[in-house]
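Please read the structure below before turning to the comments.
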Amino acid sequence: MKYKIIFLLFSLWLSASIIAAPPLDEGKSIFAARCAACHNINKNLTGPALAGVDQRRSIDWIISFVQSSQTMVKSGNKDAVALFHKFNNIPMPDHADLSDAQIKNIVEYIKIEAKPVEEEKAPFATPSKLRPNYNLPTLHSYSFFIAFFTLVALLIAVLLFAVRVKEYERKMAGSE
């Protein structure tokens, strides 16, 4: 019985670790849902281009600004005020519900997705460096299916065990 409990706990831990989103994927999904409407990584839109933001500002400044940009503007932070005026006094919405770790994941995603300026000028000059329109399957894209089939196999094993126990009970009841 002790080994079954350990096996069950191990299976649950393994399933949870497979399903948990890696930080880069979390940063990408948050960026797409919350930032992409106003920001691009390499181009100015309603808000500034975010490529190299980690080099221009400290991570603490970025976290404070994302969580409440207008608080920083009203407090007189010169960088926040300059950004506010540069982009037509359009306030950035506050994202106070984002944790520090989530904002750091967004910054990591931006670092990886930022492209050097040379590539944007002439992408046809280096066709070998172009990115394909599809993504090759990775272990993370199969995590749901792995967890699903693990749980199905565990359910089958429990049902088979229950059938064996029932057969044993019937055999013992018949011998009495």
Label-point separation, ALA173 to LYS43 (7 Å along Cα→Cβ), nm: 7.3
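When you count, for each residue, the other Cβ atoms within 10 Å and take the mean per peptide, how do 154-162, 87-95 rank with the highest first?
On the way: 154-162: 11.2, 87-95: 12.9.
So the peptides 154-162, 87-95, ranked by packing, come out 87-95, 154-162.
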Cα-projected label distance for PHE161 with PHE145, points at 7 Å along beta-carbon direction, nm: 2.8
Inter-probe distance in nm under a simple model that places probes 7 Å from Cα toward Cβ, at ALA36 and SER58: 3.2
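Give me the Å³ per residue figure for the convex hull around the C-alpha atoms of the stretch 22-118.
Working: hull volume 9.3 nm³, N = 97.
Cα convex hull per residue, to the nearest whole number: 96 Å³.
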Among ILE90, PHE65, SER29 the positive-end extreme of the charge dipole of the stretch 22-118 (Cβ point charges): ILE90
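For ASN105, what charge total do you get from the other residues with a beta carbon under 13 Å from its beta carbon, if Lys and Arg give +1 and Asp and Glu give -1?
-2
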Can you work out ³J(HN,Hα) from phi for every residue in the stretch 50-67, in order, using Karplus 6.51 cos²θ - 1.76 cosθ + 1.60 and θ = phi - 60°, giving whole Hz and x for Gly and Pro? 9, 4, x, 4, 6, 8, 7, 9, 6, 5, 5, 5, 4, 4, 4, 5, 5, 5
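So how much slack lies between ILE90 and LYS2, counting 0.36 nm per residue of separation and subtracting their Cα-Cα distance, in nm? Could you put the intermediate results ahead of the total?
On the way: separation 88, 0.36 × 88 = 31.68 nm, distance 6.12 nm.
Gain on stretching ILE90 to LYS2: 25.6 nm.
Computed from the coordinates by the stated procedures, all read-outs in this text should not be read as laboratory data. What you see is a predicted model, and the numbers here were worked out from it, not measured in a lab. Don't worry about glycine lacking a Cβ; one is built from the backbone with ideal geometry, like all the others, and counts go over all protein chains shown.
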